[in-house]
Amino acid sequence: MNALQELASEYKAPAREIINSGWHIVLCEPNVELQVSIALNVRGYESFCPAEYRPQRTNRMENGRRVYEHRARAMIPGYDFVRFDAGKWDFDGVRRVKGVRDFLKINGYPAGLTGADVDRLKREDASAFESHQRLMAKRAAEEAARLSGKPEVEFEEGKEVRIDGPLGEEWIGKMLQQRGSGRVVVLRDNAKLILPHSRIHNIEQGNL
């Protein structure tokens with residue numbers, strides 16, 4: 001069972017109390033949760049869809065490698081949230097929005113979340129966005145250094161460095177040997193890799 005469904009199944013209050021909480025759980029078609037939230041807000045509803053940011057494969061290639069970009073996606077796949085004022089429950093209007101399947105129901109009534117639940121999700125959404133912004137700033141600085149022609153990390157045998165993995169992940173390794181054409185031999189998990197300088201970065205203090 002989805003974590004959100006587990007949370008919703010814990011509600012024991014009568015349907016009237018659930019509806020009066022204001023926030024309701026919208027079931028969405030796959031991969032359109034963020035678009036649904038935007039569409040609901042454009043139509044005058046108060047909608048919220050917490051997002052996370054993960055590397056996604058693109059069709060671009062750079063230096064022989066597939067390019068991955070960090071893009072937003074729904075933190076809770078298949079779900080969105082919408083708030084109604086008391087007595088103004090326009091369930092049918094929300095259902096008419098493209099990408100909306102229905103509302104999550106308990107005992108036949110649209111289920112809701114408490115204000116505390118929504119506040120918690122908003123904090124997680126804000127934290128994910130801040131982390132994404134920091135990552136984008138770091139990547140921009142790395143790209144600027146690459147374009148300048150000067151390697152970000154000066155070669156130092158045995159130095160621990162951060163390595164860009166092939167799928168957008170990050171590894172930790174040690175520099176072993178400097179090669180020509182801007183390439184470096186690094187050791188990662190007892191395997192030697194020959195990588196361009198552009199994939200090797202300093203380790204931030206917090207990652208040590």
Give the stretch 48-65 a look and list any residue that's more than 18 Å from ARG123 (Cβ to Cβ) and assigned to a strand (DSSP E or B), or say none. ARG54, PRO55, GLN56, ARG57, THR58, ASN59, ARG60, MET61, GLU62, ARG65
Residue count, the stretch 98-132, condition among the β-branched types (Val, Ile, Thr), buried (at least 17 other Cβ atoms within 10 Å of the Cβ) and within 24 Å of the chain's Cα centre (by Cα), comes to 2
Please name all residue pairs, on different chains or six or more residues apart, with Cβ atoms under 9 Å, provided the first residue is in the stretch 47-70 and is of a type outside the set (S, T, N, Q) and the second residue is part of a loop (DSSP other than H, G, I, E, B) and modelled with pLDDT of 80 or more. CYS49/MET75; CYS49/ILE76; PRO50/MET75; PRO50/ILE76; ALA51/MET75; GLU52/MET75
Just a yes or no: is a residue in the stretch 137-155 modelled with pLDDT of 80 or more and under 23 Å from ARG60 (Cβ atoms)? yes
Would you check which residues across the stretch 66-110 are assigned to a loop (DSSP other than H, G, I, E, B), touching a Phe, Trp or Tyr at 6+ places or on another chain (Cβ under 9 Å) and within 13 Å of TYR45 (Cβ to Cβ) and list them? PHE84, ASP90, VAL97
Does the stretch 163-192 hold any residues that are closer than 22 Å to TYR68 by Cα and part of a loop (DSSP other than H, G, I, E, B), and which are they? GLY165, PRO166, LEU167, GLY168, GLU169
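Test of understanding: among ASP164, ASP119, which residue is among the acidic types (Asp, Glu) and out of contact with any Lys or Arg (no Cβ under 8 Å at 6 or more places or on another chain)?
The conditions single out ASP119.
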So for the stretch 64-75 (the condition being of a type in the set (Phe, Trp, Tyr), touching a Gly at 6+ places or on another chain (Cβ under 7 Å) and outside the structural domain of ARG199 (by TED's automatic domain parsing)), does at least one residue qualify? yes
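The values are calculated or read from the model by the stated rules, or taken from the named source; none is laboratory data. Quick caveat: nothing in here was measured; it's all calculated off a predicted structure. Positions of Cβ are generated from backbone atoms using ideal geometry, with glycine treated the same way; all protein chains shown enter the neighbour counts.
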